[in-house]
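**Student:** There's a structure below that I have some questions on.
What follows draws every value from the coordinates through simple rules; no lab data is involved. Everything numeric in this text was worked out from a predicted model, so none of it was measured. Positions of Cβ are generated from backbone atoms using ideal geometry, with glycine treated the same way; all protein chains shown enter the neighbour counts.
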Amino acid sequence: MQWLEQPHIKWAVPIPLLLAVAPVVWAFFRKTWRELDEEAFLYRRALHERGEIDYRPLVALTLGALVLTFQDYYGRFDTYENAIKPWLERREAAHPGGLIDLAMYDELYLRTWWAITRVGGYVFPLALWRLFFRGDSLLDFGLRPHGFREHAWIYAMCVFVMVPILLAVSHQSDFVSYYPLYKHAGRSWLDYIIWETLYLAQFITLEIFFRGWWIRATRVFGVGAIWSMVVPYTMIHFGKPYLEACSAMVAGVVLGSLSMRTRSIYAGFLVHATVAVLMDVLSLYRQDALPVLLTPTSTRHITFLHWNALIWIAWALAGAVLAAKAWRVWQRRSARSIA
């Protein structure tokens, strides 16, 4: 796979992949996209007949731009170094031997600050939304769980497709050097669990922001609401490995379409969370750096020897769910043909 590292080759790799994936995504979601456009047309016609304007896109895109700008400028390392770390140093000096230990957990505090700015920024528009549109229910932003079991097979299909891709990509040097974002995640189980908890909290709020709130607040755009979300969603991946940033375009379309098809963000969150955790595990596995110690200062070892098997078990379970879905579909079609 080293040939992929050649710059004159690597830049073009996403192009044939996108061209290959596009027809599949179109075939799978074209009905959903058509329904979105039909709903948007009826909605705009009703607004026109009443002589009204829907200000939701204006407010949503303004809030979205403000949130993403704030996160980029104040969720960075320099803000932590200049504002948060000095406060932690004063607290540590005032309470020696207390909970704050910068020598041991400095990067973890940095990643905690990063997670706070992400989680806080992503939920901020929902906290304000009812001030602008009192008749809207926040649950309508993809937060209702109904229909999740019916569409669980779509989650399984995404995992079934992504696991082999992740196994291949995990051999790339930029993948191993970039993940996990918290470089001490494999130092101990305490580091790993705290980091993954922060990471998953960021992902659930990210799904709420992009696939729940953003798309539905701009539903007057029809299927264009999905693509209006994909652009900033891809841009927040800038700085990550090149192939991952390019794949964010596909992921944004698929997860956005999945959210609108299921009327819920939870299937998308499970896909995103599963892939993210597997990426961290695979990177640590390639580095031979999976957690063993209970805490950084502990002498107690807890060794889990079956990480590789766990990944394939997840893939097999996803395949089993898909097989069960295919069996039920075949039974229904057979029953209709007999009738």
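**Student:** What is the gain in length, in nm to one decimal, between Ile236 and Arg149 on full extension, counting 0.36 nm per residue of separation less the C-alpha to C-alpha distance?
**Tutor:** Full-extension gain reported as 28.3 nm.
**Student:** Sort 122-131, 273-282, 327-336 by packing, meaning the average of other beta carbons within 10 Å per residue, with the highest value first.
**Tutor:** Sorting 122-131, 273-282, 327-336 by mean packing, highest first, produces 273-282, 122-131, 327-336.
**Student:** Could you calculate the contour length gain from Asp174 to Trp11, that is, 0.36 nm times the residue separation minus the distance between their Cα atoms, to one decimal place in nm?
**Tutor:** Difference between extended and current length: 57.3 nm.
**Student:** Set the Förster distance to 35 Å, then compute FRET efficiency between Ala273 and Leu42 from the Cβ-Cβ distance, nearest 0.05.
**Tutor:** Step by step, r from the Cβ atoms, then E = 0.50.
**Student:** Roughly how big is the chain's charge dipole about its Cα centre, with Cβ charges of +1 (Lys, Arg) and -1 (Asp, Glu), in debye to the nearest 20?
**Tutor:** 1300 debye
**Student:** Set the Förster radius R0 to 30 Å, insert the Cβ-Cβ distance between Leu19 and Leu322 as r into 1/(1 + (r/R0)^6), and round the FRET efficiency to 0.05.
**Tutor:** 0.75
**Student:** Still on this structure: In the structure shown, do any of Lys85/Lys240; Lys31/Lys183; Lys10/Lys183 have a Cα-Cα gap over 31 Å, and if so which?
**Tutor:** Violating the 31 Å Cα-Cα cut-off are Lys31/Lys183.
**Student:** Still on this structure, I have one more. Going by amide H atoms built from the backbone, whose H comes under 5 Å of the H on Gly75, apart from near neighbours?
**Tutor:** Correct list: empty.
**Student:** Connecting C-alpha atoms closer than 10 Å in a GNM of the chain, tell me which of Trp195, Trp307, Trp153 has the biggest fluctuation.
**Tutor:** Trp307
**Student:** Quick query: amide H of Leu293 versus all other amide H atoms, modeled in the peptide plane; which residues come in under 5 Å with a sequence gap of 5 or more or a different chain?
**Tutor:** The answer is Trp189, Ile302.
**Student:** Just to confirm the number: angle between the C-alpha axis of helix 14-50 and the first principal axis of the chain, 0 to 90 degrees, nearest 10?
**Tutor:** Between the helix axis and the principal axis of the chain, the angle is about 60 degrees.
**Student:** How far is the Cα center of the stretch 243-274 from the Cα center of the stretch 113-190, in Å?
**Tutor:** So the two Cα centres are separated by 9 Å.
**Student:** Next up: Using the Karplus equation 6.51 cos²θ - 1.76 cosθ + 1.60 (θ = phi - 60°), what ³J(HN,Hα) coupling, rounded to whole Hz, does each residue of the stretch 149-156 give in order, writing x for Gly and Pro?
**Tutor:** 3J(HN,Hα) across the stretch 149-156, in whole Hz: 4, 4, 10, 4, 5, 5, 4, 4.
**Student:** Oh, and also: Rounded to the nearest 500, what is the chain's calculated 222 nm mean residue ellipticity when only DSSP H runs of at least 4 contribute -39500 (n - 2.57) each, over all residues?
**Tutor:** After summing the helix terms and dividing by residue count, I get -23000 deg cm²/dmol.
**Student:** On to the next question. Hey, can you grab everything whose amide H is under 5 Å from the amide H of Val223? Only 5+ residues off in sequence or another chain; H modelled, so Pro and N-termini drop out.
**Tutor:** Excluding prolines and chain starts, which carry no amide H, the hits are Asp37.
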